[in-house]
Amino acid sequence: MAPLPPRSGDAVFANIERVNAELFSLTYGAIVRQLLTDLEEVDEVNKQLDQMGYNIGVRLIDEFLAKSNVSRCADFKETADVIAKVGFKMFLGVTASVTNWDADGMSCSLILEDNPLVDFVELPDTCQGLYYCNILSGVIRGALEMLCTSY
Amino acid sequence: MIVCVAVVGHQNNPVFLQSFTDSDDALKLHHIVHCSLDVIDERVNNPKKSGPTLNDTFLGVLYPMDDCKVYGYLTNTNVKFIMVTTDTDLKDGDLRSFFKDLHSAYVDAVSNPFHIPGKKITSKSFAERVSSIVKSFGSGSTF
C-alpha cells in the first residue's frame, strides 16, 4: 500500500474524539490545586507537572505518529513546526507559533495565543513562580525523547 | 449613577464589594448591603403567588431609601448580587441584563482553580469586568 500523505492538523482534529473544553480546564486546574496543597512548594509542583507530562508524552507520541502520518523531519526547525502546527492542533485544538530562534537553531519558543488549559485561571500572589502549563513541556520532552535514536 | 455593587455568598458572607463614588464610605455601604440581605431573606421565605417563575430570580427594588435604591438578584446557589444606585428611573430590561452580565463575570471568577469558594474574590480581572459593566450600564441608559 502506498504511504498515506501527511495529514494537516485540522484534518486530524476534525476526525478525532473531543472533550468539553471547560471540563478539561477545570480538571487541569483541580490537578494543579491539589498538587499545590499536597506539595506546598512551587518548585516541587513544577517538577511534578513536568514528570506527569513526561509520562504522558512517552505514550502520546505513538498515537500522534499513527494518526497524523507525518514524514521524517529533516531538522529541528521542522520538528518544532510539526509540534506547533500538527501536534498542538491535534491534542489541544489550538496551534502555536514558533518564534525566538537562537543563533544556532538549537532553541525556540512555542507561543500559545489561546491556551485551553488556562481558561479562567489567575495566579495568586503566593504562586508567582508556578509554571502552570509545565505539563506541556513535559509532554514535549517525553515525546521527543522517544524519537531520539542517536546522541 | 451606580454607587456600589456587592456579591454575597450563600451563607450571607461577603464575597465582593466595590464602590464607585468617592464620597460614600465603605461602612455605610456595608450597612446598606446588610439591611438588604434581610429583605432578600424575607422575600425568599415568603414567596408571593404572583412572583416570577424564573429560576434566576431578579428581585427588583429591595427598598427605596432617601437618595438611592437597592436592587437585588438571587442565583440558584443562593448567591446574592446587590446593586445600590442613585438613578431614579431605570428600565427593568437594563437591570436584568446588568445582573446577567454580573452573573457571568462571577461564574468566570469562581471557575478560577485558585479561588476558594466562600472566600472573598481577589481576582483583579473580576473587579475590572465589574467596573466595565457598571460603566457601560450608565451609558446604555441614556438612550
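The values are calculated or read from the model by the stated rules, or taken from the named source; none is laboratory data. Since we're looking at a predicted model, the values are computed, not measured. Cβ: placed from backbone, ideal geometry, glycine included. Neighbour counts: every protein chain shown.
Within the stretch B:64-86, being closer than 20 Å to B:Ser19 by Cβ and assigned to a strand (DSSP E or B) holds for B:Pro64, B:Lys69, B:Val70, B:Tyr71, B:Gly72, B:Tyr73, B:Lys80, B:Phe81, B:Ile82, B:Met83, B:Val84, B:Thr85.
Restricting attention to the stretch A:96-139, the residues being more than 10 Å from chain B (Cβ to nearest Cβ) and at positive phi number 2.
B:Pro113 satisfies every condition listed in (1) buried (at least 16 other Cβ atoms within 10 Å of the Cβ); (2) within 15 Å of B:Cys4 (Cβ to Cβ) except (2).
Yes/no per residue for (1) of a type in the set (Gly, Ala, Ser); (2) under 17 Å from the mean Cα position of the chain (by Cα); (3) at pLDDT 75 or above:
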{"position": "B:Asp22", "(1), (2), (3)": "no, no, no"}
{"position": "B:Asp25", "(1), (2), (3)": "no, no, no"}
{"position": "B:Ser36", "(1), (2), (3)": "yes, yes, yes"}
{"position": "B:Asp41", "(1), (2), (3)": "no, yes, yes"}
{"position": "B:Gly51", "(1), (2), (3)": "yes, no, no"}
{"position": "B:Leu54", "(1), (2), (3)": "no, no, no"}
{"position": "B:Leu59", "(1), (2), (3)": "no, yes, no"}
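Can you tell me which residue among A:Ala84, A:Ala80 is in contact with a strand residue (DSSP E or B) (Cβ under 9 Å, 6 or more places away or on another chain) and closer than 17 Å to A:Cys148 by Cβ? Among A:Ala84, A:Ala80, only A:Ala80 is in contact with a strand residue (DSSP E or B) (Cβ under 9 Å, 6 or more places away or on another chain) and closer than 17 Å to A:Cys148 by Cβ. The condition of being at pLDDT 90 or above, under 22 Å from A:Pro116 (Cα atoms) and either part of a loop (DSSP other than H, G, I, E, B) or not aliphatic (A, V, I, L, M) (or both) holds for only one of B:Ser125, B:Ser104, B:Ser132, that being B:Ser104. Picking from residues in the stretch B:85-109 that are of a type in the set (Ser, Thr, Tyr) and surrounded by 14 or more Cβ atoms within 10 Å (Cβ to Cβ), the one that is nearest to the other protein chains (Cβ to nearest Cβ) is B:Tyr106.
Restricting the stretch B:116-138 to residues that are among the basic types (Lys, Arg) and within 14 Å of chain A (Cβ to nearest Cβ) leaves a set whose member that is surrounded by the most Cβ atoms within 10 Å (Cβ to Cβ) is B:Arg129.
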